[in-house]
Amino acid sequence: QVETLKAKLLEQAQEISRLRSELGGTDTEKHRDLLVAENERLRQEMKACEGELRELRRQQQVPCQGCAHLQENAELQERMSQLQREAEEMRAKLAELELEVQQKTNRLAEVELRLKDSLAERAEEEERLSRRLRDSQETIASLKSQPQQIKYIIKTVEVESAKAKQALCESQSRNQYLQEQVGMQRQVLKEMEQQLQSSQKTAAQLRAQIVMYEAELERAHGQMLEEMQAMEEEKNRAIEEAFSRAQVEMKAVHENLAGVRTNLLTLQPALRTLTHDYNSLKRQVRDFPLLLQETLRSARAEIGQAIEEVHSTNRELLRKYRRELQLRKKCHNELVRLKGNIRVFGRVRPITKEDGEGPEATNAVTFDADDDAVLHLLHKGKQVSFELDKVFPPQASQEEVFQEVQALVTSCIDGYNVCIFAYGQTGAGKTYTMEGTAVNPGINQRALQLLFSEVRSKAADWDYTISVSAAEIYNESLRDLLGKEPQEKLEIKLCPDGSGQLYVPGLTEFRVQSVEDINKVFEFGHVNRVTECTNLNEHSSRSHALLIVTVRGLDHSTGLRTTGKLNLVDLAGSERVGRSGAEGSRLREAQHINKSLSALGDVIYALRSRQGHVPFRNSKLTYLLQDSLSGDSKTLMMVQVSPAEKNTSETLCSLKFAERVRSVELGPVSRKAELATWPSQEQLEGDSTGTTAPPGRGHASSSPGQLSGRAASIRRKLQTSG
């Protein structure tokens, strides 16, 4: 760019010299001289700029690594290039104006040439006329000298004078015409001079802009030099600091080296001591095998004696453990009885994307930090508190929930009836709590896994069989989920043995022996269960699901038989028909669900108020749960609530119902246990191979006098514990 500007300045100087040669001594000569001086000054400044630019390029050959001013430098260079582009545009405009001035100068030169030619022609004409005038005067003089011929001569002169006058008139008119032409040419020349002056003014303005741009460039260059100087100072300061730090570190290294040398001098005596110790240890190692054999003999004798003592201690501890186990069972059952037969746990599900966004999806449920049994609900601007037996927050895991209910599940092995049912509105998480997922199972599968674990731990003394049934109540019809015909309707009837218990004739019962059997049963029952999509829940349960687990046990040593039943119930959720958008068959299902839940509420109210008649038969659901709600079972209700603001009305109803259920007292629970006939050796061997006698309330076939003293004492203990 500097070279281009230099070439353009040279071209401008040549153009100005050419204009000076063409215009000669016009009035613009002084202006041209000023322009020449200005160009010379600009040339000198350009040379100085070239020197500075060369210096800058030489300085920029070594880039500043990690400099914080690189971006600022780039911005200044961009600005300088922009200013140079603007200067280039101004120079292009100046070249155009100079070209126009040159064209007008050429036209002025042509006019001057024409003027010169006109003046030359006028001079020639005047010379010719003056010659003719002289000739005429000479002729007149010669005629005057000849008087004889005066008339003739006078006439001749007059004639010639008329011609001369005519020629003179023509010359005068020609002269006047030429003067007019000269005036016009002068006027044109004046206009050209005015245009030249305006062009010179424009050129002066452009030069002023160029000067301004050059001043801007000089200022940017100054800023760049200042920044580079500051960077150089900062670099020097950093070098000095690094040098000072290096000196300090070197001094520390020298001090450490001196310390190491001192340590080496002090370690030499220690090394001699270690060498002496090593030699002594080497001698001891040679003698070590003999010492080892002697030590092993003594250790074996001591270990044998300790093992014998441990065996005797273990036998004593096992005896005490069995006694404490019986006592623990008795204390646990007493504790459950004192707390009440129906225990109520609450579980709050987390906010999900199905709840939407905005004010309706805000959390309206809070918890008490000091009491895990208290729950607070914000309903219509008022806070309502509820007290249950246990409240699980949204972050509670399936494992934490099951830890609170596993004590009830284990009592099923001891011969008690247990019922756990989930209650709440649709979409509150009842099915998730009871069934869970394949990765994170719920109460149903965890309960059966716990039963298998307990059965394996007691396999030395007891023989247990576990059977599973699954049913659902759909539109007030009881259906077998594990049967070959799931659509077949079943009926609930009383047991013919006179015990007052209820049973379902024709209900399929599978015996399970492993977790794989459980998974197969759950999968088969889940396929047959009715679920549909509503506006409130994508997989809404449209029926009440019941999982009935029967555990029968036989004690080989005493002949004691126990029968426990575990009812796991997943109730269908209550819903508002207007919100769920149910129509047709979905509407009929919702009506039956709400009717059965309303019947459950009537039963709870009758039990709470201790009425003489409890309407169990108003619904298939309450009729099937009669054993669990009539005082012959340990019952736990898991109330599921939604924390969303839009569901506060349903949450309030569910929690109020839970409080009513918690206040119901059903009385003590009886254990289903009986003494069978004292087994013979063959029967004991048959029981040990896995065959069990069918459950029932059959009495011993032999008379009471034939029972041994041990059986009589066991009977007395059972009567006391019962």
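The values are calculated or read from the model by the stated rules, or taken from the named source; none is laboratory data. Being a predicted model, the structure only gives us computed values, none of them experimental. Using ideal geometry, Cβ is built from the backbone for each residue, glycine included, and neighbour counts are taken over all protein chains shown. Areas reflect the complete protein model, heavy atoms only, side chains present, ligands, DNA and RNA absent. Shrake-Rupley method; radii C 1.70, N 1.55, O 1.52, S 1.80 Å.
Compare the peptides 113-119, 425-431, 240-246 by average per-residue count of other Cβ atoms within 10 angstrom and give them in order, highest first. Don't skip to the answer; put the middle values down first.
Working: 113-119: 12.9, 425-431: 24.9, 240-246: 10.0.
Highest-to-lowest ranking by the protection proxy: 425-431, 113-119, 240-246.
Counting only heavy atoms of protein chains, what accessible area per residue, in Å², does segment 192-242 have with a probe of 1.4 Å?
Working: 3200 Å² over 51 residues.
Value returned for segment 192-242: 63 Å² of accessible area per residue.
With a 1.4 Å probe and all protein chains left in place, how much accessible area per residue does segment 244-339 have, in Å²?
92
Provide the packing ranking of 405-414, 92-101, i.e. peptides ordered by the mean count of other C-beta atoms within 10 Å per residue, highest first.
Taking the mean over residues of other Cβ atoms within 10 Å, the ranking is 405-414, 92-101.
Could you rank the peptides 199-209, 635-645, 309-319 by their average count of other C-beta atoms within 10 Å per residue, with the highest value first?
Going from most to least packed, we get 635-645, 199-209, 309-319.
Measuring with a 1.4 Å probe in the full set of protein chains, what accessible area per residue, in whole Å², belongs to segment 370-475?
38
Where the only charges are on Cβ atoms (+1 Lys, Arg; -1 Asp, Glu), what is the dipole of segment 89-143 about its Cα centre, to the nearest 20 debye?
I would put it at about 60 debye.
Considering only Cα-Cα distances, which of the following residue pairs are longer than 21 Å: 116/190; 116/201; 565/634; 320/458; 484/520?
116/201
In whole percent, how big is the carbon plus sulfur part of the accessible area of segment 419-461, probe 1.4 Å, protein atoms only?
51
Out of the total accessible area of segment 244-339 (probe 1.4 Å, heavy atoms of protein only), what percent is carbon and sulfur?
That fraction is 62 percent.
If we count every other residue with Cβ under 10 angstrom of residue 465's Cβ, Lys/Arg +1 and Asp/Glu -1, where does the sum land? Numbers along the way, then the final one.
Details: positive: 511, 552; negative: 463.
Overall, the nearby charge balance is +1.
Around residue 171, under 14 Å between beta carbons, what's the net of Lys plus Arg minus Asp minus Glu among the other residues? Present the calculation step by step, with values, prior to reporting the outcome.
Details: positive: 122, 128, 131, 132, 163, 165, 174; negative: 121, 124, 125, 126, 127, 170.
Net of charged neighbours comes to +1.
Count the net charge of all other residues whose Cβ sits under 15 Å from the Cβ of residue 245, scoring Lys and Arg as +1 and Asp and Glu as -1.
Values: positive: 237, 251; negative: 240, 241, 249.
Overall, the nearby charge balance is -1.
At 7 Å along the Cα-to-beta-carbon direction for both residue 136 and residue 275, put a label point, then send me their distance in nm to one decimal.
About 15.4 nm separates the two model spin labels.
Which aspartates and glutamates have a Cα less than 17 Å from the Cα of residue 620, not counting those fewer than 8 places away in the same chain?
Straight-line reach from residue 620, under 17 Å: 472, 476, 480, 488, 491, 570, 589, 602.
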